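Everything on this sheet refers to the single structure shown next.
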Amino acid sequence: MIVTPEAIKIKVVYYGPGASGKTTSVEHIARALGAKDLVEISESTGRTVFFDYLLVNKEIDGKKVSVSLFTVAGQAVYATTKKLVLNGADGIMFVADSSEKRLQENLEVLRELEVFLREIGMDINYIPLVFQYNKRDLDDALPVEELERQLNTFGVPHFETVALKGEGVLEAFNEMVNLILKNYGMVEER
C-alpha cells in the first residue's frame, strides 16, 4: 500500500485456475464502477497470456482509494509472471471454479500460490485473502461447505459468484478492499 496526500493506493491480485473467471470478474467490476482502462493481454481464444490490469478509484470513509487490480494467467507456464504480479500485493482474491471436476485443479493452484508467495518473501496467512467461489450456476457445482472444507482452511471470507452475470463479484471486491484497509488500520472495524 502507498499512501499519498491524494489517495491510498492498493494492489489486489485475482488468482486461480485458468478459465475460473478471474478476467470476467475484473471486467464486471470495470463495468459496474465505470472504469474504462482495463488492459487485457490475451490470446485470440480470450485466455489471459500474462496478466490483465485495471485501475479503480473509490471513496471509502471520505478517503480516495485507488485500487490496482491484476489477474494472472492460469496456466502453469507463466510461473515467473505470476510471481512478478504477486510481488507487492496487498490482497489476493482466489477465484475458484465451483465445478466438481475442477476441485483438484483449485487445490493445486492454491498450493502453487502459497509456494510462490513464500518464494517472494510473503506468507498467505498474513495477507488479506478472500475466496470467490465462481460458477455457482453450474449443474455440478460443489456445495459451498465442501469448497470451504477443501480450500478455505484459512477461515477467511468467501463469496458465491456467477461472474458472467456479475452476481456476488462486486460484494467480494468491496470486502477485499475493506479487509486491506483494515489490515493497514486505515478504516474502522465494522
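The values are calculated or read from the model by the stated rules, or taken from the named source; none is laboratory data. This structure is a prediction, so every number in the text was calculated from the model and none was measured. We place every Cβ from the backbone using ideal geometry, glycine too, and count neighbours over all the protein chains shown.
Restricting the search to segment 147-172, which residues are under 20 Å from SER25 (Cβ atoms), among the β-branched types (Val, Ile, Thr) and outside any strand (DSSP E or B)?
Matches in segment 147-172: VAL156, THR161, VAL169.
Scanning segment 89-146 for residues that are assigned to a helix (DSSP H, G or I) and of a type in the set (Val, Ile, Thr), which turns out nearest to GLY185 (Cα to Cα)? Spell out the reasoning first.
To start, the set of residues in segment 89-146 that are assigned to a helix (DSSP H, G or I) comprises 100-119, 124-126, 144-146.
Those left that are additionally of a type in the set (Val, Ile, Thr): 109, 115, 124, 144.
Details: VAL109: 30, VAL115: 27, ILE124: 19, VAL144: 31 Å.
If we take residues in segment 89-146 being assigned to a helix (DSSP H, G or I) and of a type in the set (Val, Ile, Thr), then ILE124 is nearest to GLY185 (Cα to Cα).
State all residues of segment 19-39 that are assigned to a loop (DSSP other than H, G, I, E, B) and either more than 13 Å from the chain's Cα centre (by Cα) or surrounded by fewer than 17 Cβ atoms within 10 Å (Cβ to Cβ) (or both); if no residue qualifies, say none.
Selection gives ALA19, GLY34, ALA35, LYS36, ASP37, LEU38.
Return the residues of segment 1-26 that are closer than 17 Å to ASN57 by Cα and either modelled with pLDDT under 95 or among the hydrophobic types (A, V, I, L, M, F, W, C) (or both); say none if nothing qualifies.
The answer is MET1, ILE2, VAL3, THR4, PRO5, GLU6, ALA7, ILE8, ILE10, VAL12, VAL13, VAL26.
So if I check each of GLY88, GLY62, which one is small (Gly, Ala, Ser), under 24 Å from VAL177 (Cβ atoms) and either modelled with pLDDT of 95 or more or touching a Cys at 6+ places or on another chain (Cβ under 9 Å) (or both)? Steps first, answer last, please.
Numbers: GLY62 fails: either modelled with pLDDT of 95 or more or touching a Cys at 6+ places or on another chain (Cβ under 9 Å) (or both).
Of GLY88, GLY62, the one residue that is small (Gly, Ala, Ser), under 24 Å from VAL177 (Cβ atoms) and either modelled with pLDDT of 95 or more or touching a Cys at 6+ places or on another chain (Cβ under 9 Å) (or both) is GLY88.
List pairs: first in segment 103-122 and at pLDDT 95 or above, second loosely packed, with under 13 Cβ neighbours inside 10 Å and in a loop (DSSP other than H, G, I, E, B), Cβ under 7 Å, 6+ apart or cross-chain?
LEU117/ASP123
Out of all the residues in segment 100-117, which are surrounded by fewer than 13 Cβ atoms within 10 Å (Cβ to Cβ) and in contact with a helix residue (DSSP H, G or I) (Cβ under 8 Å, 6 or more places away or on another chain)?
none
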